[in-house]
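Structure record follows, encoded as structure tokens.
The values are calculated or read from the model by the stated rules, or taken from the named source; none is laboratory data. All values reported here derive from a predicted model rather than from experimental measurement. Glycine also receives a Cβ, built like all others from the backbone with ideal geometry; neighbour counts cover every protein chain displayed. The area values use the complete protein model at the heavy-atom level, side chains included, leaving out ligands, DNA and RNA. Shrake-Rupley method; radii C 1.70, N 1.55, O 1.52, S 1.80 Å.
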Amino acid sequence: MTTEAPSATETIRSARHSRSYWALQIASVPGFFVALIVYFAISAPQFGTFGNWAALLSVAALLGIVAIGQTLAIVSGGFDLSVSGTVPLGACVFVALINSDVAFALAILATLLTGAAVGAMNGLIISRLGVNPLITTLGTMSIATGLALTIAKGQTIALRMSDSGELISPAVELLSARSLGGLSNDVYIFVVLTLVGFVFLRYTTLGRNIYALGGNHEAARLAGIRVNALTTLVYVLSGTLAAIAGILGASQLLAANGSLGADMALTSVTAVILGGGSLTGGVGGALGTLVGVLVVATLGNGLALLQVSSFYQKIIIGAVLLAAVIVSQLRRWLDSSR
Amino acid sequence: MTHPTAISRRGFMGLGAAFGTMALVPGHVYGQSAATGSAAGAAKLTTMAFANGGESQAQWVDLKNGFLSAADTLGVNLTYFNNDTDPQKTRQNALLAVNTDPRPQVICMYNQFSGLANSLSRTFDQAGIPAIAVNARLGAGSHWFNLDEIRLGQDSAKCVAKVAAERGWTGENTIVLLVNGAEFGKEVNILLGEFYHQLVQLMPGLVPIGSPEEVPDNPGLSKFNDTLLQVDGNASLDQSFSAVSNIIGNIPADKNVVLYTIVTSSTLGAWRALERAGIAGRTLTVGLVGGEAGMEQLRTNPNWVGEADIFYGHWGQYMMAMAQAILNGETLPDLTTSPGVVLTKDFSLPGTVVAPLSDYYGEDLTKPLKLPPLEAMSKGFFGLQGNEYLRGTGVLQQFGNVEGL
């Protein structure tokens, strides 16, 4: 066996590739996240305070939980726009049940089942009828939003108080109350669900099958994976997680309405893509999404503290998303050419 | 732009024309012709069409229910449309409304898109059907029904200032946090400017702004001066919560906070963010058009000192009275004002529309005991405004709920 010595040109190209590769690694989303933190910490004195981080993480928790489900959908080769309807539906169902004196645990269970039902509808339509996920989840988003508005009768429904001025179900507020170390419980719930999502995707057969499904649907089917059932499971999980976000949103706000979390679909897709996910499927993960969620939340928080115009905030966040996707594409290109 | 909260839009462009109209009809006595009902020979209102702004907000649901109920009371054949906060649907509904069978004598159009005014008014003009614009007007000279946003903003400020003074708050130890809807435009956010501009005059130490319009002219600006912060809550419960949560660090620990937003769902979200940050105890606020949730806050929250109520559920009867006035051939003012009061826990303020909650509501916070007296005609920002002339149509008397009728 003989090996050919690389030519001088190839050596130089390789070195350049290597430098570009590491430059892009540093410019990648985790690197950007660190740079953001440093920049905001220097520019806005309040940014580094514990109180600010507690608020930032609490705001990020809802998006993060939805984004875990979105990660599953995107890794499987689809995506789930219906979360923008399932979050308010979950919140409205939960508040309506609590206000109707349904037991706390039962209200949570019923809300989770509501989210799962929306997800099951998505999964069955996509897998059994072969309808595009965009169209399917757009339709179910509209249905879920309409149901949420119907339950709330178009109103903002506040959690009912007793005559003594206490919530009729104090456990609701506990879900997002300050807890260990001064962080709120919704943050801990988000962290736990992220870890569960990470282990599920990375270390379980089902999780690996989701990657296979997103990587090549036909190959996954030929490999014996029950693609229809798996697709349905993915959307059921996504719907359930969106319902959890709805419950936590209601807990944070002590109220719900039909427009709560209406921007969740696009923001959660943004977070997943920032975290390394690909709309072509088969790529992404819970920890990457966590970073994506933190980037989105940190940008929003830091720019607000710096008193940047809300219009410019939109421009900056959009530009960051585009930059992250371009860097991600360049890294893949360099990976494949090394 | 859409405005999901159903707060009034103003046609600033039509201001000059509005005053022009006023100049053409000096001294006109509105409603003079029909002190005992319809003018002699005038048609009685029997058919009408109403296109609502949407059905996704509490106010619109109340508006729809009120219209249907008023139509029942008066025996009016009402055709209902839902514009669904969509300009295409708004235009489509205008076309459908003029072709409705039976043909409506008057069309009420809740329009959120000032850019559609020409298209809509042309449709109604070509069909020869008079129209009443709700929210955004349909051009100068059109019949227009809306809330008196300037008055509500100013009187809300007076309400807060009274309670703040009782607690020893001044501009020296207070900052004002406004939560706007940056994309909703000047017509909506002017309310915030009026509120702050009025508050500056009542709380010495607050840093003045040039004019009320400075606030809506800078919807993206986060800090106007040392006593005025602004965030964009998009008129939404959860987005207001997030926006305020993000700037908690910019609220000085030694300052009290006066919170004011463009709609109570936004106030509720912002309030919750302040509450979670431990700031609600040193915050005062007044809600706007909050429905039951806002009323409940007013009743139970010691720092929720007022709630502006414009009685959305009863707008239908006022617009039907307006329609009858049109059929009677009367000349309407530039702006027919909706009923509006700023409700408080227990006080009223002379010369304002500030009144105690108990004056208007009993236990049931969804059904007012009465509606405020009709307002005499006066010169306002858009020309002549008021609703006293509706007395002459005899329509409102059939509901028996307007004070003084």
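May I ask you to verify whether residue A:173 is among the charged types (D, E, K, R) and either under 30 Å from residue A:290 (Cβ atoms) or surrounded by 21 or more Cβ atoms within 10 Å (Cβ to Cβ) (or both)?
yes
Could you say which residue among A:295, A:272, A:291 is open to solvent by 10 Å² or more (accessible area, probe 1.4 Å) and more than 7 Å from every other protein chain (Cβ to nearest Cβ)?
Just a single option satisfies the conditions, and that option is A:291.
Does residue A:97 meet the test of being in a helix (DSSP H, G or I), modelled with pLDDT of 95 or more, within 14 Å of chain B (Cβ to nearest Cβ) and farther than 27 Å from residue B:248 by Cα?
It is false that residue A:97 is in a helix (DSSP H, G or I), modelled with pLDDT of 95 or more, within 14 Å of chain B (Cβ to nearest Cβ) and farther than 27 Å from residue B:248 by Cα.
What about residue B:45, is it at pLDDT 90 or above and either within 14 Å of chain A (Cβ to nearest Cβ) or open to solvent by 50 Å² or more (accessible area, probe 1.4 Å) (or both)?
no
Which ranges mark the helices (runs of 4 or more DSSP H) fully within the range A:104-188 that have 1 or more residues being within 11 Å of chain B (Cβ to nearest Cβ) and hydroxyl-bearing (Ser, Thr, Tyr)?
Ranges flagged: A:133-152.
Say we look at the range B:379-405 and pick out the residues that are among the small types (Gly, Ala, Ser) and surrounded by 13 or more Cβ atoms within 10 Å (Cβ to Cβ); which of these is nearest to residue B:74 (Cα to Cα)?
B:394
Condition first: at negative phi, part of a strand (DSSP E or B), more than 9 Å from chain A (Cβ to nearest Cβ) and not aromatic (Phe, Trp, Tyr). Can you find one or more residues in the range B:322-329 that meet it?
no
Based on this model, can you work out whether residue A:214 counts as on the phi > 0 side of the Ramachandran plot and part of a helix (DSSP H, G or I)?
Considered against the rule, which asks whether it is on the phi > 0 side of the Ramachandran plot and part of a helix (DSSP H, G or I), residue A:214 comes out as no.
Given the criterion under 23 Å from residue A:307 (Cα atoms) and out of contact with any Leu (no Cβ under 9 Å at 6 or more places or on another chain), identify the matching residue among B:194, B:183, B:166.
B:183
Pairs please, first residue from the range B:94-123 and closer than 13 Å to residue B:144 by Cβ, second anywhere and of a type in the set (Ser, Thr, Tyr), Cβ atoms under 9 Å, 6+ apart in sequence or on different chains.
Taking only residues 6 or more apart or on different chains, the pairs are B:109/B:90; B:110/B:90; B:111/B:90; B:117/B:142; B:120/B:90; B:121/B:142.
Which one of the conditions (1) over 17 Å from residue B:322 (Cα atoms); (2) in contact with a helix residue (DSSP H, G or I) (Cβ under 9 Å, 6 or more places away or on another chain) does residue B:360 fail to meet, given that it meets all the rest?
Result: residue B:360 fails condition (2) only.
Among (1) outside any strand (DSSP E or B); (2) open to solvent by 10 Å² or more (accessible area, probe 1.4 Å); (3) out of contact with any Pro (no Cβ under 7 Å at 6 or more places or on another chain), which single condition is residue B:270 missing?
Looking at each condition in turn, residue B:270 falls short on (2).
Inside the range B:197-244, can you point out the residues that are within 12 Å of chain A (Cβ to nearest Cβ), hydrophobic (A, V, I, L, M, F, W, C) and farther than 16 Å from residue B:262 by Cβ?
B:224
Are any residues in the range B:253-303 within 10 Å of another protein chain (Cβ to nearest Cβ), more than 25 Å from residue B:353 (Cβ to Cβ) and in contact (Cβ under 8 Å) with a residue 12 or more places away in the chain, and if so, which ones?
Within the range B:253-303, B:269, B:272, B:273, B:276, B:277 meet the criteria.
Within the range B:172-261, which helices (runs of 4 or more DSSP H) (wholly inside it) include 2 or more residues that are crowded, with 23+ Cβ neighbours inside 10 Å and touching a helix residue (DSSP H, G or I) at 6+ places or on another chain (Cβ under 8 Å)?
Where helices (runs of 4 or more DSSP H) fall fully within the range B:172-261 and carry at least 2 residues being crowded, with 23+ Cβ neighbours inside 10 Å and touching a helix residue (DSSP H, G or I) at 6+ places or on another chain (Cβ under 8 Å), they are B:186-202, B:237-246.
Any idea which residue in the range B:98-114 is modelled with the lowest pLDDT, counting only those that are under 20 Å from the mean Cα position of the chain (by Cα) and open to solvent by 10 Å² or more (accessible area, probe 1.4 Å)?
B:114
Hey, among the residues in the range A:46-66 that are open to solvent by less than 10 Å² (accessible area, probe 1.4 Å) and small (Gly, Ala, Ser), which one's farthest from the other protein chains (Cβ to nearest Cβ)?
Per the stated criteria, the residue is A:64.
Only residues that are over 19 Å from residue B:291 (Cα atoms) and among the charged types (D, E, K, R): list them for the range B:306-345, please.
Hits for the range B:306-345 are B:330, B:334.
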